[in-house]
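Down below is the structure, laid out as structure tokens.
The values are calculated or read from the model by the stated rules, or taken from the named source; none is laboratory data. Worth saying up front: this structure is predicted, and the values here are computed from it rather than measured. We place every Cβ from the backbone using ideal geometry, glycine too, and count neighbours over all the protein chains shown. Remember, those area values only see protein heavy atoms, side chains included, never the ligands or the DNA or RNA. Shrake-Rupley method; radii C 1.70, N 1.55, O 1.52, S 1.80 Å.
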Amino acid sequence: MTTRAVLSAISLHAGQIALSDLPYVFAVGLLLDALAGLYLCLPFALWIWLMPARWYASWPGRATVYLGFAVAIFGLFYLVAAEYFFFDEFNSRFNYTAVEYLIYPTEVLGNIRDSYPVDMVLTGCVLSGLLIAFLLRKRIAHGFEGLATFRRRSIVTLSLFALTAVSAWMVNLESARDLQENRVADEVAANGVYSFFSALRNARIDYDRYYATLPEAEAITRVRRLVQQSNTRYLATPEATGNPLARNVDNSDLGPPRKLHVIFLFEESMGSEFVGSLGGKGFTPNIDRIAAQSLSFTHMYASGTRTVRGMEALTTSLAPVPPESVVKRTGNEDLFNLSTIARKQGYAPTFIYGGYGTFDDMNAFYAGNGWRVLDRTDMPAPKFATIWGIADEELFDNALAEFDKQIERGERIFSLVMSTSNHRPYLFPEGIPGVQAEGGGREAGVRYADYAIGKFFDQLQSRPWYKDTLLVIAGDHGARVYGRAQIPVSNYEIPFIVHAADAIASGRVDTLVSQVDIGPTVLGLLHLSYESWLPGRDILRMGPDDGYAIFNHNRNIAMMRDGELATLGFRKAVNTERYEPAFDQLVSASANVELERDTQALFQLSWEMFADGRQREP
């Protein structure tokens, strides 16, 4: 309840909830706190039930109870601090991101240690636990007097277990959240412990059991219509076995293939809100000067809120199906992906990452899908690094050195370079103009990332192979997702810039598009003709009103088209809202059945093609 009061005050001050939301927040919160309290009491109840009375009342038994009480109080205080910092970063209670992060303790604990006053928080929690245990020692001591019989303890404990089982069956976090449209009010109302274990319990789900679906034939027909373009021809009928999206893409009308090297700079947490040329805060003078010489796509939306979602979109063009990206799913090797096409066109794909690629299974995914992998372990000892990876400028120096080697070997470069610096703890090398080495927060992170991009671009221009290179700069996702909406649309906007010195004219494309369209668009700019199974589309073949964007936020998934957003929620919920960009708000709208069914079709088919193996290379 203390945590909820603090988060309520923060959210009220930020305008994310209203005073009228508070009755809901505290009523639902009290219910979820009671459920969490039941679960947390079970271990202690089991202990009291099973321990012989004589041993329970002995000094080791008493010491165990006192120590357990102190540890429990410490844990509760620590949870208050942890939830505060998690909410500050993700505008959310513990969710599936928290579950995922526990799988990689080296990076996550290192980031926490460098980003937050961990020692001070731990000391305060330990002292609080010990102090409260000391102040309540007499009350605790009463529990050792007049011990109940085993029969009576059995009745109480089994009743507690029965009550817990019934409450777990009748109440769940998702049904409680269905009562409120304001996402932040839902998050503040939630209980962190309950939210964490709810996310853990639903970490592996059957998509068709929890999300609205269509008959497969209708889903296939709709998705084929969605991805069909003037230069594509399907290879088989919808009823044929194999991948239903297999099609020939013919770009011969654009001219002969451009034999350009391709470099993707995938920028950590680079949202459009920071990019001056996209109307943002102007933290990116180098990106802006490159954009002025390039083709810039001004309404590009990321598919998710984590790097692995961006990788999924760029590499496979699959829709971001919950709960996790295909980068982390089992059975994700040998997928038809961007490198499948690149290799057939004579490229040598590489994935270059400044951190340890075991994080989020990045190395395993890319190595298993036709990319040669280089990560921090393949690079010289860095001059500067954080727990997430080496400084971006050193990453880019190492990438350029690798590209030079590829040129010497006669290889054509096709490389995805993933940065890490624009991330907590926001620590950077000294002496860079406009960048605080420490304490500068997100602004310093964006400015440093921009500085490193500018330095890389200047070095690239000095290479003899520069004029034979196509450079892509794109964000992997926005900086953070916050706001009242279940899908906070504006937080997903990212830059997408394509530069090729003499091959591509500068300009701006204002079509609404998705991150899943990056790969097919680049292939089109190369004038390549190829067989594709990718659900993405060539943006430059779209009409002004043909675009759509797709999103994942926690368990919600959505498609936006023509100013309306169809959202699919957990337990088969479906609804339509209208997006008002001037106010950055979603407002209720009457059901757009076509949009809702197209959304169901695209996400359903992305799930099914991966799950049943139809997205695997032949």
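Listing for the model above:
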| quantity | calculated |
| --- | --- |
| Within the range 560-618, tally of residues that are loosely packed, with under 15 Cβ neighbours inside 10 Å, part of a helix (DSSP H, G or I) and touching a strand residue (DSSP E or B) at 6+ places or on another chain (Cβ under 7 Å) | 0 |
| Criterion violated by residue 370 - all others in (1) under 30 Å from residue 614 (Cα atoms); (2) in contact with a Leu (Cβ under 8 Å, 6 or more places away or on another chain) satisfied | (2) |
| Which listed residue, of 306, 289, is closer than 26 Å to residue 616 by Cα, open to solvent by 10 Å² or more (accessible area, probe 1.4 Å) and not β-branched (Val, Ile, Thr) | 306 |
| Extreme residue, modelled with the highest pLDDT, among residues of the range 159-194 that are polar (S, T, N, Q) and more than 22 Å from the chain's Cα centre (by Cα) | 159 |
| Residues (in contact with an Asp or Glu (Cβ under 7 Å, 6 or more places away or on another chain) and of a type in the set (Asp, Glu)) located in the range 497-522 | none |
| Those residues of the range 203-236 which are polar (S, T, N, Q), surrounded by 13 or more Cβ atoms within 10 Å (Cβ to Cβ) and assigned to a loop (DSSP other than H, G, I, E, B), in sequence order | 213, 228, 229, 231 |
| Helices (runs of 4 or more DSSP H) (entirely within the range 272-379) containing at least 3 residues that are over 19 Å from residue 512 (Cα atoms) and over 23 Å from the mean Cα position of the chain (by Cα) | 285-291, 338-344 |
| Residue selected from the range 525-559 under the condition charged (D, E, K, R) and at pLDDT below 95, by the criterion least open to solvent (accessible area, probe 1.4 Å) | 555 |
| Complete set of residues in the range 439-498 that are in contact with a strand residue (DSSP E or B) (Cβ under 9 Å, 6 or more places away or on another chain), assigned to a loop (DSSP other than H, G, I, E, B) and open to solvent by 20 Å² or more (accessible area, probe 1.4 Å) | 463, 484, 485, 486 |
| One residue from 386, 358 being at pLDDT below 95 and surrounded by fewer than 17 Cβ atoms within 10 Å (Cβ to Cβ) | 358 |
| Breaking point among (1) open to solvent by less than 80 Å² (accessible area, probe 1.4 Å); (2) modelled with pLDDT under 95, for residue 270 | (2) |
